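Structure incoming, see below.
The values are calculated or read from the model by the stated rules, or taken from the named source; none is laboratory data. Computed from a predicted model, the values in this text were never measured in an experiment. Reconstructed Cβ throughout: ideal geometry from the backbone, glycine too, with neighbour counts over all protein chains shown. For the accessible areas, the whole protein counts, side chains as well, though only heavy atoms, and no ligand, DNA or RNA atoms are used. Shrake-Rupley method; radii C 1.70, N 1.55, O 1.52, S 1.80 Å.
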Amino acid sequence: MHAPASARSAPAPPAGLPDRLERGAPHPLGAHWDGLGVNIAVFSAHAERIELCLFDAEGRHELARLDLPECTDEIWHGYLPGAGPGMVYGLRAHGPFDPAAGHRFNPHKLLLDPYARQLRGELRWSDALAGAAPRGGRERGPDRRDSAHCVPKCVVTHDDFVWGDDHPPRVPWERTVIYEAHVRGLTMRHPAVPAHQRGTFAGLAHPAVIEHLLRLGITTVELMPVQAILHDRVLFDRGLVNYWGYQTLGFFAPERRYLSAPESRDEIRAAIRRLHQAGIEVILDVVYNHTGEGDETGPTLCWRGLDNASYYRLEAEDRRRYVNHSGTGNTLDLAHPRVLQMVTDSLRHWVTSYHVDGFRFDLASILGREGSGFDPGAGLLDAIRQDPVLAQVKLIAEPWDLGPEGYQLGRFPPGFAEWNDRFRDTVRRFWAGDAEARPELAARLTASAELFDRHRRRPWASVNYVTAHDGFTLHDLTAYARKHNEANGEGNRDGSDHNLSRNWGVEGETDDPAINATREAVGRAMIATLLASAGTPMLLAGDELRRTQKGNNNAYCQDNPLSWIDWTRAEEPAPRRMRDFVARCIALRARLAPLRPTRFLHGTEEPWPGLSDIAWFDAEGRPKTPQAWAQPGHTLVLRRIWPGAGTVQATLLLLNADAVAHRFALPDPPLDWRRVLDTARPDAPEEPVPGREIEVAAHAAVLLACTLGGERP
């Protein structure tokens with residue numbers, strides 16, 4: 001069945017523009033100004049006709065519909081002489097409406113250009129966005145209501161930003177400290193940021209924010225999604241929004257809410273340039289595993305209307321339905337060459353046009369799914385690794401999805417780092433008092449070598465974290481034993497029940513000084529463990545200020561003070577102590593090479609005569625035996641030796657997750673140890689360690705360090 005042409009006749013073109021398009025060229029994809037006109041190129045393997053729809057400057061009134069006159073190698077293209085930057089447009093695609101075959105063409109629906117670099121206007125939820133007209137639970141045919149008044153419009157752009165002497169900081173992986181932040185939540189409550197800049201890229205680049213990052217020692221900011229975001233209708237109906245942003249509306253266009261002037265894309269460039277000047281990298285969290293169009297009941301906005309059967313993975317048994325490895329209703333078919341091209345073109349756009357320094361890939365197992373399942377050599381992963389632009393930036397995978405065998409931690413190819421949730425869970429277990437966690441903790445402290453030490457990968461491949469946007473904050477991890485997500489309007493059914501948290505006696509906030517002291521101590525111990533571990537550490541923005549979400553572990557829809565960092569707390573005693581402590585730990589990590597080894601340590605090398613690169617001991621100073629590892633307990637000692645800055649350094653990490661203090665005997669041979677960090681005494685100065693024993697308080701970590709001498713004799 002074919003969809004009929006739009007019910008009303010196509011409007012005439014605006015004055016000064018021709019009434020038809022010239023042939024144009026099939027490349028590059030998208031709308032590009034060449035100084036004399038605009039070339040339009042759109043991929044669709046199954047369309048029978050595609051129209052370019054021109055709008056007035058505000059995007060409210062459709063002025064003309066012009067057929068793309070040529071189709072070359074499944075790319076529809078045309079050229080509009082006299083058009084230029086600022087041209088507002090959309091697309092309409094004609095073809096079969098045959099859901100059983102995977103086709104959902106409907107020219108009544110205005111479509112976004114998948115390559116649009118700027119959007120104008122907001123999506124307005126309406127039943128007119130539906131591509132199909134339902135009847136009795138079935139799709140009886142195409143919905144004939146025009147959707148143009150509901151959708152944003154595309155804008156032709158021209159990049160002429162002056163980058164000056166900007167250059168990427170290129171922070172070495174082994175010196176990288178990541179700070180995961182939300183552009184809006186980071187500055188919405190910052191008193192030093194002008195009101196009109198709060199929640200925007202201009203706020204991110206404010207001197208007070210950069211000063212805070214530098215004071216902590218952050219090298220790399222990882223921003224939650226900043227590509228154009230769709231706010232789900234179910235949230236709209238509840239008066240909420242998709243705050244986290246993991247529903248993409250456009251892969252090339254920035255989210256308008258994050259700009260103090262709604263279409264000033266140069267604000268992003270200026271922010272990145274200022275961060276680069278401070279030596280700070282910018283990584284973007286990107287979502288290429290699915291789009292915001294949802295399942296077959298979702299809106300027709302772009303990809304579904306242009307070529308549903310090419311862009312999406314459809315169920316083999318019923319092509320009306322979508323493969324849903326993302327958990328959001330659909331999954332992009334990243335094995336299709338044009339979909340793969342869209343992703344790599346988008347990534348290159350953000351690197352070349354915005355100078356970003358890397359990407360964190362949401363649900364990245366989908367990126368490696370071929371016909372038979374996950375493949376580390378999948379086409380998209382290979383394309384990214386060999387790309388001369390993308391191979392130069394940091395690449396981080398979230399190594400799981402919701403499909404069969406979706407958990408792929410440690411299986412991504414060389415060149416990718418990976419979020420390590422086993423580090424998160426193990427550190428939480430140990431400091432919550434799990435006496436069985438020690439053997440697993442040992443593996444996590446050493447960059448999970450059993451997972452990552454293959455194909456010449458380095459320890460930095462393990463991105464270690466205790467908290468992230470998804471889950472409890474560090475404060476809430478020590479204040480809540482259960483999630484409290486009632487504000488999300490889902491009956492507290494959303495969010496994980498497996499938090500490995502502990503409230504230490506009272507659920508939520510308390511005035512009990514002993515409980516609060518324990519919570520602070522455990523929080524410091526987890527931060528110290530994170531920053532003393534081999535691998536790449538990642539901190540959640542606001543944890544250094546003891547930010548709370550009041551027990552909400554899934555604040556994806558909370559664009560309000562529940563999610564925003566409360567900077568007024570920064571000078572209160574407890575947040576100030578934590579901020580200074582985090583900065584001290586990061587500074588120690590930068591100073592002490594054994595905390596950030598550039599190779600996996602297995603105890604097989606001697607950086608110093610008679611001393612192996614890594615060794616484990618019990619609290620009595622004895623080397624750990626297999627029998628000792630099998631015993632439960634709350635204490636652990638790790639010695640590491642590694643060269644750095646012309647010297648050979650040694651560190652000794654002593655961990656005590658018990659509820660009582662323990663005296664630790666220092667292992668042989670005697671070394672000139674200094675206590676450089678004690679989480680029980682966060683303000684204590686560095687000091688020599690007299691004798692051969694040291695007391696470690698309850699719920700505490702102590703770090704000792706010494707310099708053995710010059711490079712190994």
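Quick one: angle between helix 513-531 and the longest Cα principal axis of the chain, in degrees between 0 and 90, rounded to 10, please.
Helix 513-531 sits roughly 80 degrees off the main axis of the chain.
Oh, and also: Pop out the carbon and sulfur fraction of the accessible area of the chain as a percent, whole number, probe 1.4 Å. Before the final figure, lay out the partial values.
On the way: 13100 of 26060 Å².
Accessible surface attributable to carbon and sulfur in the chain totals 50 percent.
Considering the Cα trace of the stretch 420-521, what is its radius of gyration and what is Dmax, both in angstroms?
Values for the stretch 420-521 (Cα only, Rg and Dmax): 16.0, 52 Å.
Residue 167: accessible area at probe 1.4 Å, nearest 10 Å²?
Its accessible surface works out to 120 Å², give or take rounding.
Could I ask something else about it? Pull up the cross-link candidates among the aspartates and glutamates for residue 394, meaning alpha carbon to alpha carbon under 13 Å and not fewer than 8 places away within one chain.
174, 222, 281, 285, 357, 418
Now, a different point. Give me the percent of Cα-Cα pairs in the stretch 608-692 that sit more than 23 Å apart, rounded to a whole number.
For the stretch 608-692, the share of Cα pairs beyond 23 Å comes to 26 percent.
Another question, if that's okay. log10 I(q)/I(0), Debye, Cα-only the stretch 256-402, no solvent, q = 0.21 Å⁻¹?
-1.32
Below 15 angstrom from the Cβ of residue 60, what's the summed charge of the other residues (Lys, Arg +1; Asp, Glu -1)?
Cβ neighbours under 15 Å give a net charge of -2.
Next question, about the same structure. Output needed: percent of Cα pairs per 10 Å distance bin for the stretch 467-598, bins running from 0 to the one holding the longest distance.
12, 40, 34, 12, 1
Report, in degrees rounded to the nearest 10, the 0 to 90 angle that the Cα long axis of helix 337-354 makes with the longest principal axis of the chain.
70 degrees
Just to confirm my numbers, what's the Cα centroid distance between the stretch 657-687 and the stretch 613-655 in Å?
13 Å
For the stretch 527-669, state the average projected area of the convex hull of the C-alpha atoms over all orientations, rounded to one decimal in nm².
That works out to 11.9 nm².
Averaged per residue, what accessible area in Å² does the stretch 12-83 show with a 1.4 Å probe, protein chains only?
With the other protein chains kept in place, the stretch 12-83 gives 47 Å² per residue.
Helix-derived [θ] at 222 nm for the chain: sum -39500 (n - 2.57) over DSSP H runs of at least 4, divide by residue count, nearest 500?
-5500 deg cm²/dmol
Compactness ratio of the stretch 665-713: Cα Rg over 2.2 N^0.38 Å, N = residue count?
Against the empirical 2.2 N^0.38 Å value, I get 1.25 for the stretch 665-713.
Using DSSP to call loops (not H, G, I, E or B), can you name the GluC sites (Glu not before Pro) in the stretch 377-439 whose Cβ has at most 14 other Cβ atoms within 10 angstrom?
Of the GluC sites (Glu not before Pro), the ones in loops of the stretch 377-439 whose Cβ has at most 14 other Cβ atoms within 10 Å are 405, 436.
Another question, if that's okay. Using the Cβ atoms and a cut-off under 11 Å, what net charge is assigned to the surroundings of residue 235, where Lys and Arg are +1 and Asp and Glu are -1?
The answer is -2.
If the cut-off is 24 Å between C-alpha atoms, which lysines fall inside it for residue 109, apart from same-chain ones fewer than 8 positions away?
Hits, sequence-local ones excluded: 153.
Per the Kirkwood definition applied to all pairs of different Cα atoms, how many angstroms is the hydrodynamic radius of the stretch 139-295?
Computed over Cα pairs of the stretch 139-295, the Kirkwood hydrodynamic radius comes out at 17.4 Å.
Could you tell me which trypsin sites (Lys or Arg not before Pro) in the stretch 484-549 are loop residues by DSSP with no more than 14 other beta carbons within 10 angstrom of their beta carbon?
493
If you count only protein heavy atoms with a 1.4 Å probe, what accessible area per residue comes out for the stretch 425-580, rounded to a whole Å²?
Result: 34 Å² of accessible area for each residue.
Also: In Å, the Kirkwood hydrodynamic radius of the stretch 441-488 over pairs of distinct alpha carbons?
13.3 Å
Shifting gears a bit: What translational D, rounded to a whole number of µm²/s, comes out for the stretch 136-231 from Stokes-Einstein when the hydrodynamic radius is the Kirkwood one over Cα pairs, at 10 °C and 1.306 mPa s? Intermediate results must be reported in sequence, preceding the final value.
On the way: Rh = 17.6 Å.
Result for D is 90 µm²/s.
Using every Cα-Cα pair within the stretch 36-77, state what percent have a distance larger than 13 Å.
The calculated P(r) of the stretch 36-77 puts 57 percent of pairs beyond 13 Å.
Accessible area per residue of the stretch 243-371 at 1.4 Å probe, in Å²? Can you show the working numbers first?
Working: 3190 Å² over 129 residues.
On a per-residue basis, the stretch 243-371 sits at 25 Å².
Right, something else. Which whole number in µm²/s is D for the stretch 176-217 by Stokes-Einstein, with the Kirkwood Rh taken over Cα pairs at 25 °C and 0.890 mPa s? Intermediate values should be presented prior to the final figure.
Values: Rh = 10.4 Å.
Answer, rounded: 237 µm²/s.
By how many degrees, between 0 and 90 and to the nearest 10, does the Cα long axis of helix 266-277 differ from the longest principal axis of the chain?
Relative to the chain, helix 266-277 is tipped by roughly 20 degrees.
Find the all-direction average of the projected area of the Cα convex hull for the chain, expressing the result in square nanometres with one decimal place.
32.0 nm²
Which Rg and Dmax, in Å, describe the Cα atoms of the stretch 92-188?
21.4, 62
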